[in-house]
Amino acid sequence: MSKKRDYYEILGVRREATSVEIKRAYRKLANKYHPDRNPGDKTAEDKFKEASEAYSVLSDSEKRASYDRFGHEVPGGGFGGFNDINDIFSNLGDIFGDIFGGGFRRTPRGQDIETVTRISFEESLFGITKSIKVDRMINCDNCDGSGAKPGTTKETCRKCNGQGQVVHRQGFFAFASTCPDCGGDGQYIKEKCKKCNGLGKVKKTSSLKVKIPAGVEHGQIIKISGKGQAAPPGGIPGDLRINILVEQSADFERHGYDLHTVKKITFPQLALGSELELEIPASNKQGDTKSIRINIPSGTQLKKVFTVEKKGVPYLERDQRGDLHVHLELTVPKKLNTEEKHLLEQYASIRGEKLKKKKSFIEKVFT
């Protein structure tokens, strides 16, 4: 796990900085790395998250005091960060209104879609392009997502005067609730679009080609921007999040980017030395293998693990591979013929090793 940077260092302020200086520093970074000004820039998005996390702590007097005393190891599990950009805006909405004066609004965004795809162990090692079908809502092309009949527009709700809420009074008390006529939208559609029945969106099944990289792990998420649910007019679609499920291998076990396997071996092979042949995957097709040979020196012990370099899992987005580790497992024959028994008894006798005493015919009968 990477070590978190110091919050003061992230914002570029002294530890004695005032709240005004902290806000000024964050405003500068937020303006520079704001997602709306850096669309599709993952580095800028990460810096925006990092600066927002630092500001959320240092702008709060109690959190700042705890951070000054304990650092990131504050009792109770730490301060944590933000999962995504929407999390920042939902948690720091009042802060953004204060910093940007309400003029820097987040572009409305459609919901993300989550789906699952299964791949084989071999496909996870070498990568594969899969065709995935996704049901999603897209903006109606007949009304451009407005829900209104072409040539007409939405009208202001008369019941709430476009506020989306209505106020109810009971004596000295007053409370607000969602407008029952417009559902909180503040507007209503007088003439609905016939194609989408006023929803502004229609369901569509899309077939997408998704490139799954070599080295992907079980449970890893692949995100495809803009392939989620449609956004309100003027917004941007959500993302498609694909959860990768990798089938287990009968022969190999993955630990990080290394592979581990068990190879059976006999006592003579360990004692006298031998050469073991091992089949490893050669492509993303099941059953397509290639052979590698492992030299077993004489006198090898069972605890010995043989490592074959660069025969493990490819690193994601790096020209590097993990290693293959071969563990030995001793196999003992369940049955021996007469000659084999005689030779083993001779060996044990030479070594001075005691064996189980054989029963005579009389002992077998009367015991």
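The values are calculated or read from the model by the stated rules, or taken from the named source; none is laboratory data. As the structure is a prediction and not an experimental result, all values here were calculated from the model. Glycine also receives a Cβ, built like all others from the backbone with ideal geometry; neighbour counts cover every protein chain displayed. Side chains included, ligands, DNA and RNA excluded: accessible areas come from the protein's heavy atoms. Shrake-Rupley method; radii C 1.70, N 1.55, O 1.52, S 1.80 Å.
Numbers for the structure displayed
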item: Approximate spin-label separation residue 356-residue 337, in nm, with each point projected 7 Å along Cα-to-Cβ; result: 2.2 nm
item: Set of lysines with alpha-carbon distance to residue 341 below 23 Å, sequence-local pairs under 8 removed; result: 264, 354, 356, 357, 358, 359, 364
item: Rounded FRET efficiency, nearest 0.05, which uses the C-beta distance separating residue 203 from residue 158 and R0 of 25 Å; result: 0.20
item: Taking the range 240-367 and dividing mean pair separation by its residue count, relative contact order in percent (alpha carbons under 8 Å, at least six apart); result: 24 percent
item: Residue 4 accessible area, assembled protein chains, probe 1.4 Å, Å²; result: 100 Å²
item: Estimated FRET transfer efficiency when R0 is 51 angstrom, pair residue 221-residue 271 (beta carbons, to 0.05); result: 0.55
item: Over the chain, relative contact order from alpha-carbon pairs under 8 Å, at least 6 apart, %; result: 14 percent
item: Among 147, 294, 59 - extreme Cα towards positive end, dipole of the chain, charges at beta-carbon; result: 147
item: Relative contact order, percent, the range 10-79 [alpha-carbon distance under 8 Å, six or more residues apart]; result: 27 percent
item: Proximal lysines to residue 63, defined as alpha-carbon separation beneath 23 angstrom and excluding residues fewer than eight positions away on the same chain; result: 3, 4, 23, 28, 47, 49
item: Along principal axes, Cα extents of the chain, largest first, whole Å; result: 109, 61, 51
item: Fraction of beta bridges assigned by DSSP in the chain that are antiparallel (%, nearest 5); result: 75 percent
item: Top of 178, 153, 307 by mean-square fluctuation, Gaussian network on the chain, Cα under 10 Å; result: 178
item: Estimated [θ] at 222 nm from DSSP helical runs (n ≥ 4, -39500 (n - 2.57)) normalised by residues in the chain, nearest 500; result: -7500 deg cm²/dmol
item: Stretchable slack from residue 286 to residue 129, in nm (0.36 nm times residue separation minus alpha-carbon distance); result: 55.0 nm
item: The range 196-240, Cα convex hull volume normalised per residue, Å³; result: 95 Å³
item: Per-residue SASA entry for residue 202, accessible area with 1.4 Å probe, Å² rounded to 10; result: 30 Å²
item: Inter-label distance, nm, simple model (7 Å from Cα along the C-beta direction), residue 167/residue 70; result: 4.4 nm
item: Alpha carbon centroid spacing (whole Å) that separates the range 1-29 from the range 125-170; result: 39 Å
item: Selected from 232, 333, 297 as most flexible by GNM, with the chain as the system and alpha-carbon contacts under 10 Å; result: 333
item: Cross-link pairs beyond the 32 Å C-alpha cut-off, checked among 32/310; 154/223; 133/310; 211/311; 209/311; result: 32/310; 154/223; 133/310
item: Largest to smallest accessible area among 316, 276, 330 [probe 1.4 Å]; result: 330, 316, 276
item: Exposure of residue 67 as accessible area (Å², to 10), given a probe of 1.4 Å and all protein chains; result: 10 Å²
